[in-house]
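Taking it in order: structure first as structure tokens, then the write-up.
The values are calculated or read from the model by the stated rules, or taken from the named source; none is laboratory data. Every value quoted in this text rests on a predicted model; they were computed, and no experiment measured them. So basically every Cβ, Gly included, is an ideal-geometry build from the backbone, and we count neighbours across all protein chains shown. Only protein heavy atoms, including side chains, enter the accessible area calculation; ligands, DNA and RNA are left aside. Shrake-Rupley method; radii C 1.70, N 1.55, O 1.52, S 1.80 Å.
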Amino acid sequence: NAGKKFVRFFSKWEANRCSTFIAPTGKVEKLLRSYGIKGRIDVIPTGIDMSRFQIIVKDEWKKETLSRLNIPQNNNVLIYVGRLGKEKNISEVLSYISEIDRNDITFLIVGDGPYRKELEEETEKLSLKAPKVVFAGMVDPASVASWYTLGSLFVNASTSETQGLTYVEALASGVPLLCRKDPALDDVVKKGYNGWQWEGDKDFLSKLNSYLSLSEEEKQQLSKNAKESSHLFSSALFAEKAEKLYLELIENKKK
């Protein structure tokens, strides 16, 4: 692929001219090394604006929204927020949901994209009807933070992410993670503390059961842990680390 070759060449050419190259995750650092980059690379996660998620969502809004989507109020909502592209691997989650013999689970898919029609057809083939699987469609970007709070767990099966800011947004909203194992998440998911990573269907169902078996008090603690861990990925911390790096490089230039 000519495009990929150009990206490799340009990344290598540009990075080897720099004092350092900032990568958002160790996964990206390894990718850059595979391009032949020999110089310094510093891993600093891209931050998000935490103030967007430090909001109080009224219970009334939650109840009305769940009711409008025909989702029972006490259901455990596995929520996905993002683009509906093939690379997001939502099909894998649908296949796992079809194996769950419980009536208190809802997979809520928030967003739109080129793969939505195929996903809806797949849902039909798997005999997954609402409220087991619900497509909410595109929502107002300004209300995304509120939508996250409908989730008991944030679920994502993508392995194409270089960092995956939606994971951090979910944590900032107090929603623990249940995601497919990926190197991009090694510094994000702390097993049993703010969520889990899975490999394969049995592991997915096992990790989901780990969550479902928790008491309400333990689930609330998991939510608090999620919020607390998200601050490692704030835009303020990113700025602080980037400033420290630049000052170090400036000092090095003087020597």
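Per residue, what accessible area does the chain have, given a 1.4 Å probe and all protein chains present, in Å²?
Working: 13940 Å² over 255 residues.
Per residue, the chain has an accessible area of 55 Å².
Remark: the range 100-115, residue by residue, has Karplus-estimated 3J(HN,Hα) of 8, 9, 9, 9, 10, 10, 10, 9, 9, 9, 10, x, 9, x, x, 9 Hz, where x stands for each Gly or Pro and the curve is 6.51 cos²θ - 1.76 cosθ + 1.60 at θ = phi - 60°. The loop-placed GluC sites (Glu not before Pro) in the range 88-135, going by DSSP, that have at most 14 neighbouring Cβ atoms within 10 Å of their Cβ come out as GLU99.
What is the magnitude of the charge dipole of the chain about its Cα centre, with +1 placed on the Cβ of each Lys and Arg, -1 on the Cβ of each Asp and Glu, and no other charges, expressed in debye to the nearest 20?
1160 debye
Pairs with C-alpha atoms separated by more than 32 Å, drawn from the list LYS219/LYS244; LYS181/LYS254; LYS88/LYS129; LYS30/LYS190; LYS132/LYS191; LYS58/LYS191, are LYS219/LYS244; LYS181/LYS254.
Subtracting the Cα-Cα distance of SER143 and GLU228 from 0.36 nm times their residue separation leaves 28.4 nm of extension gain. Shape class for the range 172-239, computed from the alpha carbon gyration tensor (a ≥ b ≥ c): oblate, with a/c not under 1.5 and a/b at or below b/c.
Solvent-accessible area of the range 157-255 (1.4 angstrom probe, protein heavy atoms only): carbon and sulfur portion equals 50 percent. Taking a straight Cα-Cα cut-off under 13 Å and skipping sequence neighbours fewer than 8 places away in the same chain, the aspartates and glutamates within cross-link reach of LYS202 are GLU92, GLU99. With Cα atoms defining each centre, the range 237-255 and the range 197-219 are spaced 42 Å apart in the structure. The overall shape of the range 1-128 is prolate: from the C-alpha gyration tensor, with semi-axes ordered a ≥ b ≥ c, the ratio a/c is 1.5 or greater and a/b exceeds b/c. How would the range 127-255 be classified by its alpha-carbon gyration tensor: rounded, prolate or oblate, with rounded meaning a/c under 1.5 and the a/b versus b/c comparison settling the rest? Verdict is prolate for the range 127-255. Cβ-Cβ distance of ALA2 and LYS30, R₀ of 30 Å, FRET efficiency by 1/(1 + (r/R0)^6): the value works out to about 0.80. The phi-based Karplus calculation (6.51 cos²θ - 1.76 cosθ + 1.60; θ = phi - 60°) puts the 3J(HN,Hα) values of the range 160-168 at 9, 6, 8, 9, x, 5, 5, 4, 5 Hz, whole numbers, x for Gly and Pro. Geometric descriptor of the chain, per residue, is 143 Å³ (volume of the convex hull of the Cα atoms). Calculated mean residue ellipticity, 222 nm, the chain: -13000 deg cm²/dmol, from DSSP H runs (n ≥ 4) at -39500 (n - 2.57) each, averaged per residue and rounded to 500.
Amide H to amide H distances under 5 Å link LYS190 with GLY195, where only residues 5 or more positions off or on other chains count and H is placed in the peptide plane. Backbone amide hydrogens, once placed in the peptide plane, bring VAL133 within less than 5 Å of PHE107, excluding anything fewer than 5 places away on its chain.
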